[in-house]
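Enquirer: Once you've had a glance at the structure underneath, I'll fire off some questions.
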Amino acid sequence: MAEHYVYRFYAELKDYKPKIWRIFEINGEKSMAELGYALMLMFEMQASHLFCFTDNQREALLAMLRTKYSDEKIEEVLDIDSIDSIAKNTRFELAYDEMYIGDDEQLIEADKIKLNHITKRPGWKLNFEYDYGDSWEIEIELVDCEKREVSLATLPFVYEGEGFGIVEDVGGVAGLEELATSLKKGSGEQYDFYCAWLCSTTLDLDLFDKNDINYRLKKLMRVYKEIYEYRYIPTDRMLAVLLRDYLGKGPRGY
């Protein structure tokens, strides 16, 4: 086997309790877009919305300066414009028409840059956002990066985690919390509404099925890449995997 840089990340759904998190590895030859597809699969995002990563370098610089100096002292030396010229937040996103980039951001196209061309430094933190309406956010941190002999057929791979993931179009974190409360109650008008909307009574938001997640990573990474980068429509066979026909559940795969 050849040697490759292997990145180990911790990822957690932001602002949701109980925590939904994953520890996973991915090889450094993957693009930032492919890191996004892996996160989507691990957190039950079905490739139906836009996504981006943000590396908040500007905020990190300010936070570091504030550990040593007061805001007044910082403002004496650096005004906002000079801070922007020294450090901008980096946004990794697939280019599309009418995309918005803030004055404090620089864009790097997510499918054009590989992980091992960015950093190998543990402690690197990113924010991943999916569906700019529901605004799902996942905070990820690079735990370790090492060069070792590994078969790329085994990566990405999830080692640990808790919680099922998101539910598409439920209304973000607040909607997911409401859904979880209704499902745990197990009866009533709201419970009946959600079961009808999901076309399922078997969704378990506490379930973390490592084997199923890793199966889906092997089967669907390429499908997500084709959807986002080549605008391909999944075949019926791949759609059946996406919706978990192999488990014999409802039309949403729950």
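Enquirer: Any idea what angle helix 172-185 forms with the longest principal axis of the chain, computed on alpha-carbon atoms, 0 to 90 degrees, nearest 10?
Expert: The angle comes out near 30 degrees.
Enquirer: Next up: With only alpha-carbon pairs counted, each pair once and no self-pairs, how large is the Kirkwood hydrodynamic radius of the range 134-254 in angstroms? Don't skip to the answer; put the middle values down first.
Expert: Numbers: mean 1/r = 0.0596 Å⁻¹.
One over the average 1/r among Cα pairs gives 16.8 Å for the range 134-254.
Enquirer: Quick check: the angle from helix 57-66's long axis to the longest principal axis of the chain, C-alpha only, nearest 10 degrees?
Expert: Orientation of helix 57-66: about 60 degrees from the principal axis.
Enquirer: Is it possible to state the helix-based mean residue ellipticity at 222 nm for the chain, with each DSSP H run of 4+ residues giving -39500 (n - 2.57), the sum divided by total residues, to the nearest 500 deg cm²/dmol? What is it? Mind showing how you got there, number by number?
Expert: Numbers: 8 runs with 87 residues, N = 254.
Counting only the DSSP helices, I get -10500 deg cm²/dmol.
Enquirer: Find the eigenvalues of the gyration tensor of the Cα atoms of the chain, then list the square roots of 5 times those eigenvalues as equivalent ellipsoid semi-axes, largest first, in whole angstrom. Working shown, then result.
Expert: Working: eigenvalues 225, 111, 62 Å².
They are 34, 24, 18 Å, listed from largest to smallest.
Enquirer: Also: Fewest first, what order do 91, 121, 237 take by the number of other Cβ atoms within 10 Å? Write out the running numbers ahead of the final one.
Expert: Working: 91 21, 121 8, 237 11.
Fewest-to-most Cβ neighbours within 10 Å comes out as 121, 237, 91.
Enquirer: Mind pulling the angle between the C-alpha long axis of helix 32-42 and the longest principal axis of the chain? Nearest 10 degrees, somewhere in 0 to 90.
Expert: Taking the Cα atoms of the chain, the angle to 32-42 is about 40 degrees.
Enquirer: To continue, here is another question. Calculate the dipole size of the range 113-254 relative to its Cα centre from +1 charges on Lys and Arg beta carbons and -1 charges on Asp and Glu beta carbons; express the result in debye to the nearest 20.
Expert: With only Lys, Arg, Asp and Glu charged at Cβ, the dipole is about 840 debye.
Enquirer: Suppose R0 equals 51 Å; then what is the FRET efficiency for residue 72 and residue 187 from their Cβ-Cβ distance, rounded to the nearest 0.05? Could the numbers behind the result be given before it?
Expert: On the way: r = 58 Å, r/R0 = 1.14.
Given R0 = 51 Å and the Cβ-Cβ separation, E is 0.30.
Enquirer: Evaluate the charge dipole of the chain about its Cα centre and quote only its size in Debye, nearest 20, assuming +1 on the Cβ of each Lys and Arg and -1 on the Cβ of each Asp and Glu.
Expert: Rounded to the nearest 20 debye, it is 1220 debye.
Enquirer: Continuing with this model, one more query. Describe numerically, in nm with one decimal, the distance between label points set 7 Å from Cα along Cα→Cβ at residue 235 and at residue 50.
Expert: Roughly 3.1 nm, to one decimal.
Enquirer: Still on this structure, I have one more. Between residue 112 and residue 201, how high is the FRET efficiency from 1/(1 + (r/R0)^6) when r is the Cβ-Cβ distance and R₀ = 30 Å? Nearest 0.05.
Expert: Values: r = 44 Å, r/R0 = 1.47.
The value I calculate is 0.10.
Every number here is computed from the coordinates shown, using simple stated rules; none is lab data. Not measured: the values here are computed from a predicted model. With ideal geometry, Cβ positions are generated from the backbone for all residues, glycine too; neighbour counts draw on all protein chains shown.
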